[in-house]
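Notes for the one structure printed next.
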Amino acid sequence: MALLEFFTGKHLDRGLHVPEHKDLTSGLPIRRLPFAPMLVVPLSQHAGAPAIPLVHEGQEVVRGEPIAKAGGFMSVPMHSPVTGRVTKLALAPTARGDLGMAIYITPYQAASQEVLYGAPQDIENMTPEEIVQAVQNTGVVGLGGAAFPTHVKMKVPDGKKIDTVVVNGCECEPYLTTDHRVMLEYPKDVLYGARIAMRALGAANAVIGVEDNKMDAVEALRNAIDANRTANVGITVESVPAKYPQGAEKMLVKVLLGLEVPTRGLPADVGLAVFNVATLAQIGELLPVRQGLIERVVTITGPGVRKPGNYLVALGTPLRFALEQADCRDDVSSVILGGPMMGAAAGSLDIPITKGVTGILVLTQKEVKASSQIYACIHCAACVDVCPIHLNPSHLGLLARKDRYEEMETDYHLMDCFECACCSYVCPSHIPLVQYFRVAKQMNRERANRERLKAKEGAHA
Amino acid sequence: MSPATTVIEVRTAPHVHSGRSVEVIMRNVVYALLPMAFYSVWLFGLSAAFLIATTTGACLLIEHLCCGAAERESSIGDYSAAITGLLLGLTLPPALPLWMAVVGAFIAIAPGKMIFGGLGFNVFNPALVGRAFLQAAFPSAITTYTPAQAMHRFTEFIPTTLAIPFLKAAPLKDWIAQVRVDGFTGATPLMLQKFEHVTTDTWSLFLGTRAGSAGETSALLILLGGVYLIVRKMMDWRIPAAMLLGALALSGCYYLSNPAKYPSQLFVLFSGGLMLGAIFMATDPVASPVTPRGMWIYGILMGVITVVIRFEGGLAEGVMYAILLGNGLSPLIDNLTQPRTYGAGKRMFGKEAAAK
């Protein structure tokens, strides 16, 4: 297989094949989840500044109505996911583990829950700046998990030129099938979103990269392109051999176009902008009608649920309610937001589903075994052979154990690690390598901050 | 469903694992070594059986005692001491007195491995450390070889096996004469070639019906063990490939330059301990480089040194010293061959910032 990939050209040279388990949900159409008795909309669901609330306690809100405005350019507004009454503005638990400000909304049981907000807007005659503003108004952020405000990526950085929009339909994390279903069911929205991104960025081309375990999605997209060739000129769909972590933006760029994003740089440095397919599908759906992001597709799956599926979930739905709807088993041991390789374990079932939640993976006691014994590194080089960015995790791990964090950064490119966890996955000594690296990166960031502060103080004195 | 009462565990990603583990890998290496051990018992009889059992038992016992002395949990369950013991036994001549085997096992485990901190920290392959000590301490005993398939081998020990420590053992000449085997001079094919210019037929080398260390004789069984581990992804194929390639290339040059003096490259490949060394010793992950380019450099280097020692040195065999040298160099090789990171401009040569 590896030999075949070698000869066929486009492939990810490192990384690995993780059991996919996607067949649990990949054939299930997207279905809407009912509204929970109480929705909790955090003001910070994205990277950047939190949104600023526009509503007060007791206020009635309509589904789709803006309830918080963007707190700056690096921020997005929030829209009410439901018609109902604002119960309170209070702290709520977040997936990160701390508390954050949130708007609690009680839905009206008898309301029609129609989206009454919005009005058509003519995208064809908008300037790139107007498109960026319109995208910010939708509140859309990267729906692949990063939750980075999408409009920020649609603005060409100063001095840069974007020639190609890369659309990421890899979805390489095991279990997750949201992007797969979106591509299958909303190919036109994906293409429309891609065209909007191309217009905003002045890019002539867009390439949609899809892993070859989703050939039906490739076909759906290609059919949609063929259905309207004049509008979709410049857009191509490419299937790439499935391998984890191909869905990482840097990896996909390398595989599709043979380009490398420079260390600590952005795709814009090589003339690219990368968007997730679901993100563009939302833009393609919301922008023409000037509406806001109020729900998203979430794969609820894993051995811990009896009714796995791809659910359209109102943002702010508590995890507990979503799990009840998917008929969660009693012997649940772990609830993971995202996929099993990079997803974070939920610390509480009271946290709400936010814009960045791609999936909810529920594992039972059978899957989560007691911690295996950790051995010393035996230098087997398995981690070196899978690291997609060609680091030396073996040596980095040894340095981390000795707290030599600075050396890890200066000599061994630690800060390029994007925590795909391939090294931890293959390590026969069960060394929690990626966890060491998360800690080391955090320590380095804190040290850099301290040094910056010190330099500032020195300048003032 | 009652999530209200559910207790959930919080762990860090990744939440799944490949299922590979050190003890499973090590156990499979033991499986891969067993055919050679059985074959050597068939070839050399009771003495080989006792030799291998002694080194393995001694290594396990010494590791257990070392762990006790260091006040930590015994690590014999990870099978690495068993591998060291088996390998040590397989690299020794079957006639070696058992007490010397125990000394070798002690050196292999105590100063060779445990003093560095146990599995994962040793600089050299422990089995070779033990063997190198024996080579230096008992040069005559470790170069005394006995014929394969001797008579009565399953009922009688080779007389030197049960020698009393520190006493001169009876010479083997009489015994060899007694068990017959025409023309056997107590030399391995390598010695015959080097000192007497008698070349052994390559096919018998490949199958292993010849004199030699207990486990090094059959290239076939060694290759099978290696292929088993490589197929199961428990061994890196690049190191043995590089080492054999290095030896093949250099010995080919020698052979072409003077076919009358030097043996053919196939003879070099299948004789002595090259196969066993390349597949089971050089690949000891702990003492070998981790970078892809480093593995090739390390392997080729060891293959070349082996041939140089065999052809230019005073010894008939050079695999052991070649691997020990390679082991010693592997941290340096690693350091000089760090992979080029994605997105980095140029290839890194060694530590860039060390020179700041």
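Values quoted throughout were computed directly from the atomic coordinates according to the rules given, and no laboratory measurement underlies them. None of these values were measured; they are calculated from a predicted model. All Cβ positions, glycine included, derive from the backbone under ideal geometry; neighbour counts span all protein chains shown.
Charges only on Cβ, +1 for Lys and Arg, -1 for Asp and Glu: so what's the dipole of the protein assembly as shown about the Cα centre, in debye to the nearest 20?
820 debye
Can you list the equivalent-ellipsoid semi-axes of region B:22-338, largest first and in whole Å, using the square root of 5 times each Cα gyration tensor eigenvalue?
Gyration-tensor ellipsoid for region B:22-338: 28, 26, 16 Å.
Using Cα pairs under 8 angstrom and six or more residues apart, how large is the relative contact order of region B:249-332, in percent?
In percent, rounded to a whole number, it is 29.
Could you work out [θ]222 nm for chain B from helices alone, using -39500 (n - 2.57) per DSSP H run of at least four and dividing by all its residues? Round to the nearest 500 deg cm²/dmol.
-16000 deg cm²/dmol
Please sort by residue number the GluC sites (Glu not before Pro) in region B:27-74 whose DSSP state is loop and whose Cβ has at most 14 other Cβ atoms within 10 Å.
For GluC sites (Glu not before Pro) across region B:27-74 that sit outside H, G, I, E and B with at most 14 neighbouring Cβ atoms in 10 Å, the list reads B:GLU71, B:GLU73.
Starting with the fewest neighbours, write out A:MET408, A:MET443 ranked by other beta-carbon atoms found within 10 Å of each beta-carbon.
Ascending number of Cβ neighbours within 10 Å: A:MET443, A:MET408.
By counting other Cβ atoms within 10 Å of each Cβ, how are A:VAL140, B:VAL308, A:VAL386 ranked from fewest to most?
Placing the least packed residue first, the sequence is B:VAL308, A:VAL386, A:VAL140.
Using alpha-carbon positions, what is the distance between the centroids of region A:241-264 and region A:143-158, in Å?
18 Å
Give me a comma-separated list of calculated 3J(HN,Hα) values for region B:191-206, in order, Karplus coefficients 6.51, -1.76, 1.60 applied at θ = phi - 60°, integers in Hz, x for any Gly or Pro.
Whole-Hz 3J(HN,Hα) from phi for region B:191-206: 5, 4, 5, 6, 9, 10, 6, 10, 8, 8, 5, 4, 5, 5, 5, 5.
About its Cα centre, what dipole magnitude does chain A give when the only charges are +1 on Lys and Arg Cβ and -1 on Asp and Glu Cβ, stated in debye to the nearest 20?
Result for chain A is approximately 620 debye, rounded to the nearest 20.
Over region A:382-460, what is the mean sequence separation of C-alpha contacts under 8 Å (at least six apart), divided by residue count, expressed as relative contact order in percent?
30 percent
Gaussian network model of chain B, Cα springs within a sub-10 Å range: biggest mean-square fluctuation belongs to which of B:LYS194, B:LYS261, B:LYS113?
Answer for the Gaussian network model of chain B: B:LYS261.
Tabulate in residue order the Karplus-calculated ³J(HN,Hα) for region B:73-84, using 6.51 cos²θ - 1.76 cosθ + 1.60 with θ = phi - 60°, rounded to whole Hz; enter x for Gly and Pro.
Using θ = phi - 60°, the values come out as 5, 4, 9, 5, x, 8, 6, 6, 5, 5, 5, 4 Hz.
Can you list the residues, at least 5 places off or on another chain, whose amide H is less than 5 Å from the amide H of A:ILE103, using H built in the peptide plane?
Amide H neighbours of A:ILE103, under 5 Å, 5+ apart: A:VAL41, A:LEU43.
Among all stretches of chain A without exposed GluC sites (Glu not before Pro) (DSSP loop, at most 13 other Cβ atoms within 10 Å), which one is longest?
Excluding the exposed sites themselves, the longest stretch runs over A:115-461.
How would you rank A:ARG195, A:ARG229, going from fewest to most other Cβ atoms within 10 Å of each one's own Cβ?
Exposure proxy ranking, most exposed first: A:ARG229, A:ARG195.
Go through region B:45-53 residue by residue and turn each phi into a ³J(HN,Hα) via Karplus (6.51, -1.76, 1.60, θ = phi - 60°); whole Hz please, and just put x for glycine and proline.
Whole-Hz 3J(HN,Hα) from phi for region B:45-53: x, 3, 4, 5, 4, 5, 4, 5, 5.
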